[in-house]
Every structure is written in C-alpha cells, then in structure tokens.
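> What follows is a structure written as structure tokens; I'll ask about it next.
The values are calculated or read from the model by the stated rules, or taken from the named source; none is laboratory data. Fair warning: this is a prediction, and the values are worked out from it, not measured in the lab. Quick reminder, even Gly has a Cβ in these numbers, built from the backbone with ideal geometry, and neighbours come from all protein chains shown.
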C-alpha cells in the first residue's frame with residue numbers, strides 16, 4: 001500500500017540524499033527525513049493547508065492505535081508486549 005500511496009502522490013519513498021526536508025509535489029507538505037507521508041496527508045493538506053495540524057491529527061490516530069494494541073495484548077495474556085508498547089509511547093512524549 002505504501003508504494004501505491006507514493007505513486008498516487010508522485011512522492012519518493014524518502015527524503016532525497018543530502019536534504020533534511022522534502023516537499024511533496026502533490027500537496028506541498030514538507031516532510032522531514034525519516035517521516036512517512038501517507039496519501040491521506042495529501043488530502044488533509046488540501047483541506048486545511050496546515051502541516052502542524054495534520055501532524056497532530058495523525059499522531060492522535062497513531063497514539064490511539066498504540067493504546068488499543070496494548071489493551072489487546074493485555075487481554076490476550078501478552079503483558080510483556082503490552083508493557084513494551086506503553087514504554088515506547090511514554091518515550092515518544094519525552
């Protein structure tokens with residue numbers, strides 16, 4: 001799916017060598033080295049034109065997914081994995 005998203009946006013898989021930022025030719029969103037730029041972000045930029053708002057919205061979705069994953073691990077007896085997920089979530093907020 002990631003390759004399809006890249007074809008749809010005309011973007012490359014990563015920031016070109018030597019650059020710390022890349023601007024998506026489809027939506028104009030600035031993407032930093034190591035950041036993923038999903039096609040949905042192009043649609044969001046087209047709607048609000050504010051990269052900070054988009055990053056905040058995508059991070060909220062990511063964090064919710066991590067919480068759900070940790071809860072499912074706990075229900076399935078995977079305490080150690082749930083602890084690791086929660087630890088990673090805490091380290092991201094530092």
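> Please go through the range 83-94 and pick out each residue that is modelled with pLDDT under 85 and surrounded by 13 or more Cβ atoms within 10 Å (Cβ to Cβ).
89
> Among the residues in the range 67-82, are any within 13 Å of the chain's Cα centre (by Cα), exposed (fewer than 13 other Cβ atoms within 10 Å of the Cβ) and not assigned by TED's automatic domain parsing to the domain that holds residue 35?
Going residue by residue through the range 67-82, those that are within 13 Å of the chain's Cα centre (by Cα) are none.
Looking for residues that are within 13 Å of the chain's Cα centre (by Cα), exposed (fewer than 13 other Cβ atoms within 10 Å of the Cβ) and not assigned by TED's automatic domain parsing to the domain that holds residue 35, one finds none in the range 67-82, hence no.
> Follow-up. Checking the structure you have, find out if any residue of the range 53-60 is surrounded by 12 or more Cβ atoms within 10 Å (Cβ to Cβ) and more than 25 Å from residue 85 (Cβ to Cβ). So that I can check it myself, show each step before the final result.
Keep residues of the range 53-60 that are surrounded by 12 or more Cβ atoms within 10 Å (Cβ to Cβ), which gives 53-55, 57-58.
Okay, now just the ones that are also more than 25 Å from residue 85 (Cβ to Cβ), so 53.
Within the range 53-60, one or more residues are surrounded by 12 or more Cβ atoms within 10 Å (Cβ to Cβ) and more than 25 Å from residue 85 (Cβ to Cβ).
> Every residue in the range 1-48 that is outside any helix (DSSP H, G or I), modelled with pLDDT of 70 or more and either buried (at least 18 other Cβ atoms within 10 Å of the Cβ) or assigned by TED's automatic domain parsing to the domain that holds residue 62 (or both), please. Spell out the reasoning first.
Let us first name the residues in the range 1-48 that are outside any helix (DSSP H, G or I), namely 1, 10-38.
Next cut, modelled with pLDDT of 70 or more only: 18-38.
Once the filter is applied, which keeps residues that are outside any helix (DSSP H, G or I), modelled with pLDDT of 70 or more and either buried (at least 18 other Cβ atoms within 10 Å of the Cβ) or assigned by TED's automatic domain parsing to the domain that holds residue 62 (or both), the range 1-48 yields 22, 24, 27, 29, 31, 37.
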